[in-house]
Each structure stands twice: as C-alpha cells, then as structure tokens.
Amino acid sequence: DAAEASGAPDAAFNRFVDFFSGLASGVQVQSLLLAEPKLLDLLVKVLAFAPELARTLARRPAALDALLDPGFFAPLKAEDVRVVEEAVAGADGFEAAMDGVRRVHREQAFRIGVQVMSGVASAEEAGAAFAELADACIRALAPAALAEVERLAGRFPGELAVIALGKCGSREMTARSDLDLMTLYRPREPAAASEI
C-alpha cells in the first residue's frame, strides 16, 4: 500500500528488495516498521524518489536508525558537525582521519537529503547545510593534512591558507557538489620558497 501511495510503486518495490537484501536480520526492521508507520511511509518515499539516498540505505541499513532520532529533522547546527572533529581526533593517522570524515559526511548528507525530500528543508537551506558540512570537513582535515605533508616532506616555516572556490566558496552546494580547493603557502623567508 505504501509503495502504491508513493506514485512510483515499481521503483519503490525494487529498491525495497535491495534494502532488505542488505539486512542482517529483516525481522527486527519489520517489527520496527510495523510499530512506526510514519517511518515506513518515509522509507518508501526515499526508496521511490531518491535513488542516491536509497543506495545509501541499501549499503548501510543502519542509517534507518538515524531516522528515528528526534533531532534528525532539525536544521544542521554547529554541534551536529562537531562529530567531524571527533572523527578526526580519534583517528590513528591520515587515512583513518579521511575514513572517519567520509563516514560522518555520508551520514550528514543523508540527513540533509531526506530533509529536502520530505519537505522539511528548502533547497536554499540544504545548500547552506551542505556548505556548513563541507566547512566542517575542511576545518577538521586541514591539520591532519598538514601533518601528513610534514611527515612526508618535512616541516616548512610560513603560513598556509585553504581557499574554497566554486560552489563551496559561494556556499551554494548541493548533494553532488565537489570541493574545489586551492592551498596557498607564504614562506617565512621568501628566498626559501624556491627550495620547497
């Protein structure tokens, strides 16, 4: 019934099959969906109309738990993106930091996408949220990236700046926007620049 009500029953059903095939135990999810009819309706809408979000659910069924969080539909706030910093702080090395940030980014991008799809957030609000999420990822990874460069090439005195270009720089990001970044370096000793 929920698939039929979505207006795209075939797409919803096919993606529902993909979702269930990725579950370790479908019984718990079925019980959850029976107990939470609104969650079932939302899940079917995601599966019917948002192929990227449906793929996220199929690959990571645990994302369904996030939909139950009362704060899931609240606007993205500074404290929500602090989890990016926590992912980097607990990482052992640069690759682990990158993996942690990727995980948090996927979770928060899923949240923003579902908010837009369900009408809780406008496209403008989503753009600002995606930009805030990108800023948090850049801020969190910048020290880790610098430490990795210094590990590989040694320390170099001076100042660094990371400049966002394109949609990130104008804070008009979408779910598919990439990061166009430029790193500038100003050496403390100008003559030393040619050696780096």
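The values are calculated or read from the model by the stated rules, or taken from the named source; none is laboratory data. Quantities reported herein were computed from a predicted structural model and do not represent experimental measurements. Neighbour counts are summed over all protein chains in view; Cβ atoms, including those assigned to glycine, are modelled from backbone coordinates with ideal geometry. In case anyone asks, the SASA skips ligands and DNA or RNA and just uses the protein heavy atoms, side chains included. Shrake-Rupley method; radii C 1.70, N 1.55, O 1.52, S 1.80 Å.
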- Note on the structure: Check: C-alpha center the range 1-23 vs C-alpha center the range 77-155, spacing in Å is 30 Å
- Query: What shape does the range 33-72 have by the C-alpha gyration tensor, where a ≥ b ≥ c are the square roots of the eigenvalues, rounded means a/c under 1.5, and otherwise prolate means a/b greater than b/c and oblate the rest?
  - Reply: oblate
- Query: Which lysines have a Cα lying under 21 Å from the Cα of residue 167, excluding residues fewer than 8 positions away in the same chain?
  - Reply: 77
- Item | Accessible area per residue, Å², the chain with all protein chains present, probe 1.4 Å | 61 Å²
- Query: In nm, to one decimal, how far is the modelled label at residue 72 from the one at residue 30, with both set 7 Å along Cα→Cβ?
  - Reply: 2.1 nm
- Across all Cα atoms of the range 117-160, Rg and the largest Cα-Cα distance (Dmax), in Å, are 16.8, 50
- Message: Quick check: at a probe of 1.4 Å, how many percent of the accessible area of the chain sits on carbon and sulfur atoms?
- Response: 55 percent
- Task: Return the calculated 222 nm mean residue ellipticity for the chain, to the nearest 500 deg cm²/dmol, obtained by summing -39500 (n - 2.57) across DSSP H runs with n ≥ 4 and dividing by the residue count.
- Result: -20500 deg cm²/dmol
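Express the relative contact order of the chain as a whole percentage, based on alpha carbon pairs under 8 Å and six or more residues apart in sequence.
Details: 201 pairs, mean separation 30.3, N = 196.
Relative contact order comes out at 15 percent.
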- Task: For an R0 of 35 angstrom, estimate the FRET efficiency from the Cβ-Cβ distance between residue 181 and residue 11 and round to the nearest 0.05.
- Result: 0.45
- Of [x] 13.3; [y] 12.4; [z] 17.9, which is the value of mean projected area of the Cα convex hull in nm² derived from the coordinates here? [x]
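Subtract the Cα-Cα distance of residue 139 and residue 1 from 0.36 nm times their separation in residues, and report this length gain in nm to one decimal. Show your work: numbers first, answer last.
On the way: separation 138, 0.36 × 138 = 49.68 nm, distance 4.55 nm.
Separation in residues times 0.36 nm, less the Cα-Cα distance, equals 45.1 nm.
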- Query: So how far apart, in nm, are the two label points at residue 122 and residue 49 if each is 7 Å from Cα heading toward Cβ?
  - Reply: 1.8 nm
- Query: Label points 7 Å out from Cα along the Cβ direction at residue 172 and residue 96: separation in nm?
  - Reply: 4.1 nm
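Using the Cα centre of the chain as the reference point, and only Cβ charges (+1 on K/R, -1 on D/E), how large is the resulting charge dipole? Debye, rounded to the nearest 20.
Dipole of the chain, to the nearest 20 debye: 140 debye.
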- Item | Full-extension gain in nm, residue 163 to residue 39, via 0.36 nm per residue minus C-alpha separation | 40.6 nm
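Cβ neighbours within 10 Å, averaged per peptide: list 151-162, 30-41, 116-127 in order, most packed at the top.
Highest-to-lowest ranking by the protection proxy: 116-127, 30-41, 151-162.
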